[in-house]
Amino acid sequence: MNLSGRLAGSGLSLIVSGSALAQSRYNFQEPVTSVAEQLYDLHTLMLIICAVIFVAVFGVMFWSVFKHRKSRGAVAANFHESTTVEILWTIIPVFILVGMAWPATRTILYMKDTSSPDITIKATGYQWKWGYDYLQGEGEGIRFVSNLSTPREQIEGSEAKGEHYLLEVDNPVVVPVGKKVRILTTASDVIHSWWVPAFGVKQDAIPGFIRDTWFRADREGIYRGNCVELCGKDHGYMPIEVHVVSAEAYSQWVAKQVASKAALAAN
Amino acid sequence: MNHAVDKYFVPEPSKYPIFGSVALLLFGTGAVLWLNQTGPGPQLFFLGVAILVYMLFGWFGQVIRESESGEYSQRVDKSFRWSMGWFIFSEVMFFAAFFGALFYARVLSVPWLASGDNEALLWQGFTADWPSAGPRPDEAFTPMGAWGIPAFNTLLLLTSGATLTWAHHALLKGDRKQLKLGLMLTILLGVVFLGFQMYEYVHAYADLNLRMDSGIYGSTFFLLTGFHGLHVTIGAIMLTVMLFRVMAGHFRPDHHFAFEATAWYWHFVDVVWLILFVVVYWL
Amino acid sequence: MAAVTPDHLHDHHHGPSGLMRWITTTNHKDIGTMYLLFSFIMFLSGGVMALTIRAELFQPGLQVVEPEFFNQLTTMHGLVMVFGAIMPAFVGFANWMLPLMIGASDMAFARMNNWSFWLLPVAAVMLIGSFFVPGGATAAGWTLYPPLSVQMGMGMDLAIFAVHIMGISSIMGAINIVVTILNMRAPGMTLMKMPLFCWTWLITAYLLIAVMPVLAGAVTMILTDRHFGTSFFNAAGGGDPVLFQHIFWFFGHPEVYIMILPAFGIVSQIIPTFARKPLFGYASMVYATASIAVLSFVVWAHHMFATGMPAQGQLFFMYATMLIAVPTGVKVFNWIATMWRGSMTFETPMLWSVGFIFVFTLGGFTGLICAIAPVDIQLHDTYYVVAHFHYVLVAGSLFALFAGAYYWLPKWTGHMPNETIGKLHFWCSMVFFNITFFPMHFLGLAGMPRRIPDYALQFADFNALATVGAFGFGLSQLIFIVVVVKCVRGGEKAAARSWEDADGLEWTVPSPAPHHTFEVAPVFK
Ligand code: HEA
Ligand code: HEA
Ligand code: CUA
Ligand SMILES: [Cu+2]
């Protein structure tokens, strides 16, 4: 997208992302999907436009605050309207807004296109854990429940907190890199919301309804997120952990899952 | 209408508002306790209602005395007109919330539930028909038909609107006899309407198995008709008060806003019914 | 703020005295005072809840409260601040100032005015009392989303009835205000000559009458879903949890303008006074306010971008929301043009007003960034949103309330507020406000969800900073109590026209304003 946006964006992230980890401090987490990248750039663009307007508008105000004070002998003028400027400062913002809305519209249409996925996974919110069903594509039929794995002692403070405090689960979601993954969300009790910031994906999980979203991760790695819709007592304790792995590793994982399921069934 | 022409009437300090507040406190807490089946719920609730009734009698009684003793200037009268209009607007918005829920269910949520992934993965076999109690109704029910009692009720309310207008014309002409007659007829029609409405509810529960918990159809049906019925009741009470006031010799052709306000309210309730008849019963 | 003069006792009606006087009063000034006092008490209560929230969030881990109680605090903090602090405070200003500004002897319905007020303590008792019932207060967020709110205990029912009662109070109050403004202006004061504060309140009152009943409907549906088996928000019965969100936000978005338009009004009174120059673009201010009100009805779903609505829906609500920046911008530009080439002094009310414009606009810009639907997918339900709305609500509504309080305190008490302490209050608030809420932008961008009692380690330092700021901000508010108490007790005598260049009918009556004013309507200009 917009070059200056990208430049400023990367500039900003250079200054601020002390660690190369996905742990961002001042800005969105480092994007690993095209959607997240577009969101990142859009936000940067917005930030720049707003910052420019802000500086311009308050430049004028503070100029006036410093120059036009009584203690400096300023004498009040007596104008109180001017149709020209009033029309100008109504019209110009409209154009600025159109400039903002244009790229945003393209991104919305792109984000909403959940057609022809390689893999479809249903994520079901429960109080307070996530259930996953691989519905279509390689791994079809795999299903498991994913719980917070941070020990109680760390939460209560009797033990030192680990690096991924509250962002770790027993059974992570595993997906292959570079494949379009469609996530269906629903819930069994109250509304939850499935969010992985690095993917630019956030979708409410509404009991009785299926909603969908998608991502295609460009890079292998472990990506973490949280439930972001207030869902009761342990809303803060139902994280999401996604492992993006190579195609081979994914096949191996699938085989292992299928085998252990068969073993379970045999028992 | 003498000393108060150019001075806007400002009432003396009044004890009624605090009675109203205490009443609502008891009413609200009582209702909560009752709903949760703990503590003296019903007792507090009815105590609240009793105080509220006392307060309404006292307050409106005082307003009527002030009005009849000529304290209210034209300007005060105008204030009453504005305020009644805005009050009815707020009532319109209250009903809009429930009509909105009905439209949403009919146009959006039921069709959604019966299509696409929702149907395929969650509610297999559900089809979007209206009336609907949703994909997993507890029990089957028969919807309420439009052309029996409801149609007749429509006729009753429309007629009552006409009789009320007739009464108003009589008041303007100074014909007290027709005024009384018109009012009585209106009240009668309203009461008969309510009677039928009650019969319909009994019928729904007893014969049609149509209940408040009959899915979204039951929910919208009972809340819309129920709140409408409540408003008819309030309107009928207001009309009755007007009747008593007429008998007590109140109102003049040029000074009778309480009557007009009641009429506005009654017509508003009428219009709500018409919409209700079309979208709840008929279509 | 017991601003009322002893000469009330010699007044013509011998009303009750002592507590009964306050309980039975029909005087708009008494009622205004009670509103202001009530709202300040609610502000402190909501503030104590906020401080408890911040204390828990000082460090990762659970230290101060249990998660369930934390959610109760968050919910009640939101409800108490919105319905108990900010809204009643503006109604208090309306009660005190509208009759004085338009030259009316009182509000149109003085007795009903009393009831509007005395319903609020009732609602507050039910709301705050719900902490002490089995199961505690509702913990479903101030937005009360079902099905979570359907799961709650009886605290939720108390909240529902409290909302109903506050709704009745607001609707009566709003009708009173509309009628007063439309029907009781002094001869000669046409609508387009009214002070802007009256205009903003007229439009606010209209919004209140339009949306409070909708909220009442929404919570009624929750009540029947909870206790009578209806299925409004239950898919199995054909309803939809998201339906509630639509109804709630149809109320909720106009509601946020209910909390900001009167603030715009107050600032529009103050800036011309201290710039010694008439308000720039009066007519366009009126039109802008009206446009904001109209637009506010068609933007509600910008709170719901993450529910997964169709693309057309997202687009429509995104465009409509963005448009609101235009009239709001007109307001900001008009204020600045009013200051431009003025002859400014910076007494406390002016400081708060300039501070308001500066910080509110920052909050407006973050709102605009939230309005970009795709970006909001990342921001929704994170601390970025918390930052956004505290910038507009605290630095917006609350700062404007303080501005107004300093501006009209002389009229209420007859004494000038102490400038030094007032300025100290402003600077402490401004600094600590930003220390508290600015880091929340970063927290949200980096991925910290809202409404959580505990968080991942990378958010630790900004949270600690915000907590320190919050305690500083809270303590700074105690300075205000000092100013008000001093001002009631004594201080420099205020002239009728307490500020050199103040304009308007309220400055033609003595300070403090006598118990009865404008019993015979003044002729305006
Ligand atoms: C006083 C209250 C108030 C006000 C005034 C606003 C004003 C605005 N708000 Fe805000 N908002 C809230 C209170 C308020 N909000 C609250 C309480 C919530 C959260 C509720 C909850 O979930 O609990 C919320 C949440 C919220 C969201 C949802 C976020 C989410 O949950 O994901 C959005 C999204 O669009 C939004 C947008 C806006 C916009 C566009 C404005 C606009 O009105 C702002 C307009 C102002 C400006 C833009 C600045 C001045 C303009 C100029 C200087 C002109 C030039 C500018 C340009 C051309 C760019 N708000
Ligand atoms: C309407 C106005 C309003 C105001 C003024 C405030 C004021 C403050 N708010 Fe709040 N806030 C909301 C409206 C408001 N808020 C809403 C609507 C929500 C969303 C709720 C939800 O998610 O459902 C929210 C949520 C919210 C959160 C997020 C909670 C969460 O997501 O879990 C936080 C966290 O920091 C917070 C902090 C604060 C702070 C520190 C203040 C400070 O400005 C408060 C300062 C005041 C004081 C601290 C009082 C001073 C008193 C004392 C110092 C002690 C006096 C002693 C006695 C009385 C004995 N608020
Ligand atoms: Cu699940 Cu929040
Ligand atoms: Cu909004």
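What relative contact order, as a whole-number percentage, does chain C give when Cα pairs under 8 Å and 6 or more residues apart are counted? It would help to have the intermediate numbers written out before the result.
Working: 877 pairs, mean separation 100.5, N = 525.
Relative CO of chain C lands at 19 percent.
Compute the relative contact order of region B:211-283 as a whole-number percentage, counting only Cα pairs closer than 8 Å that sit 6 or more residues apart in sequence. Write down the numbers at each step before the final one.
Working: 25 pairs, mean separation 26.6, N = 73.
This gives 36 percent for region B:211-283.
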Dipole-positive endmost among C:181, C:210, C:222 within region C:142-276 (Cβ charges, Cα centre): C:181
Subset of C:29/C:277; A:70/C:193; B:78/B:173; A:233/A:256; A:179/A:202; A:112/C:331 violating a 24 Å alpha-carbon distance limit: C:29/C:277; A:70/C:193; A:233/A:256; A:112/C:331
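Rank these for me by crowding, A:61, C:440, B:184, going from fewest to most other beta carbons within 10 Å.
Ordered from fewest to most neighbouring Cβ atoms within 10 Å, A:61, C:440, B:184 come out as B:184, A:61, C:440.
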Radius of gyration and maximum dimension Dmax of chain C, Cα, Å: 22.6, 68
Distance between region A:128-201 and region C:195-258 - C-alpha centres, whole angstrom: 34 Å
Residues A:119, C:171, A:92 arranged by fewest to most Cβ contacts within 10 Å: A:92, A:119, C:171
Computed [θ] at 222 nm, deg cm²/dmol, chain C (DSSP H ≥ 4; -39,500 (n - 2.57); rounded to nearest 500): -22000 deg cm²/dmol
Aspartates and glutamates whose Cα lies under 20 Å from that of residue C:493, excluding same-chain neighbours fewer than 8 positions away: C:7, C:347, C:419, C:501, C:503, C:506
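What are the equivalent ellipsoid semi-axes of region C:182-238, built from the alpha-carbon gyration tensor (square roots of five times its eigenvalues), in whole angstrom, biggest first? If you can, show how the numbers build up before the last one.
On the way: eigenvalues 375, 18, 9 Å².
Gyration-tensor ellipsoid for region C:182-238: 43, 9, 7 Å.
Would you kindly calculate the translational diffusion coefficient of the protein assembly as shown, applying Stokes-Einstein with the Kirkwood radius from alpha carbon pairs, for 25 °C and a viscosity of 0.890 mPa s, and quote it in µm² s⁻¹ without decimals?
On the way: Rh = 31.1 Å.
In µm²/s, the coefficient is 79.
What size of dipole, in debye to the nearest 20, comes out for the protein assembly as shown about its Cα centre when the only charges are +1 on Lys and Arg C-beta atoms and -1 on Asp and Glu C-beta atoms? Provide the component values of the computation, followed by the final result.
Working: 59 positive and 67 negative charges, 505 e Å.
My answer is approximately 2420 debye.
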FRET efficiency estimate (nearest 0.05) - Cβ-Cβ, residue B:7 to residue B:176, R0 25 angstrom: 0.20
Region C:348-387 and region C:458-525: distance between their alpha carbon centers, rounded to Å: 25 Å
Value at 222 nm in deg cm²/dmol, rounded to 500, when DSSP H runs of n ≥ 4 in chain B each add -39,500 (n - 2.57): -23500 deg cm²/dmol
At R0 = 60 Å, FRET efficiency that the Cβ-Cβ distance of residue C:468 and residue A:116 yields, to 0.05: 0.70
Shielding score for C:144-151, defined as the mean number of other chain Cβ atoms within 10 Å: 4
Approximate spin-label separation residue B:49-residue A:252, in nm, with each point projected 7 Å along Cα-to-Cβ: 7.3 nm
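Expressed as cubic angstrom per residue, what is the convex hull volume of the alpha carbon set of region B:199-283?
Values: hull volume 8.2 nm³, N = 85.
Convex hull of Cα atoms, per residue: 96 Å³.
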Average beta carbon contacts from partner chains per residue of C:309-319, 10 Å cutoff: 3
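What FRET efficiency comes out for the pair residue A:219/residue A:147, r = Cβ-Cβ distance, R0 = 30 Å, nearest 0.05? Present the calculation step by step, with values, prior to reporting the outcome.
Values: r = 26 Å, r/R0 = 0.88.
Here the calculated transfer efficiency is 0.70.
Given 0.36 nm per residue, what is the gain on full extension from residue C:44 to residue C:496 after removing their alpha carbon distance, in nm?
On the way: separation 452, 0.36 × 452 = 162.72 nm, distance 3.18 nm.
The residue C:44-residue C:496 span can extend by a further 159.5 nm.
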Under 18 Å from the Cα of residue C:486 - lysines, other chains or at least 8 residues apart: C:411, C:423
Reciprocal of mean inverse Cα separation for region A:170-267 (Kirkwood radius, Å): 14.7 Å
Volume in Å³ per residue [convex hull over Cα atoms, computed for region B:1-72]: 71 Å³
For q = 0.21, 0.23, 0.28 Å⁻¹, Debye-computed log10 I/I(0) when each Cα of region C:359-422 counts as one equal scatterer: -0.79, -0.87, -1.08
Spin-label model distance (nm) - residue B:184 vs residue B:15, 7 Å beyond Cα toward Cβ: 3.8 nm
Distance (nanometres) between label positions extended 7 Å along Cα→Cβ at residue A:106 and residue A:171: 4.2 nm
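Would you list C:476, B:219, C:429, A:193 from fewest to most Cβ contacts within 10 Å?
Working: C:476 19, B:219 32, C:429 23, A:193 28.
Listed from fewest to most nearby Cβ atoms, that is C:476, C:429, A:193, B:219.
Only the coordinates and a few stated rules stand behind these numbers; no lab work does. Treat the numbers as computed from the prediction; the structure is a model and nothing was measured. Don't worry about glycine lacking a Cβ; one is built from the backbone with ideal geometry, like all the others, and counts go over all protein chains shown.
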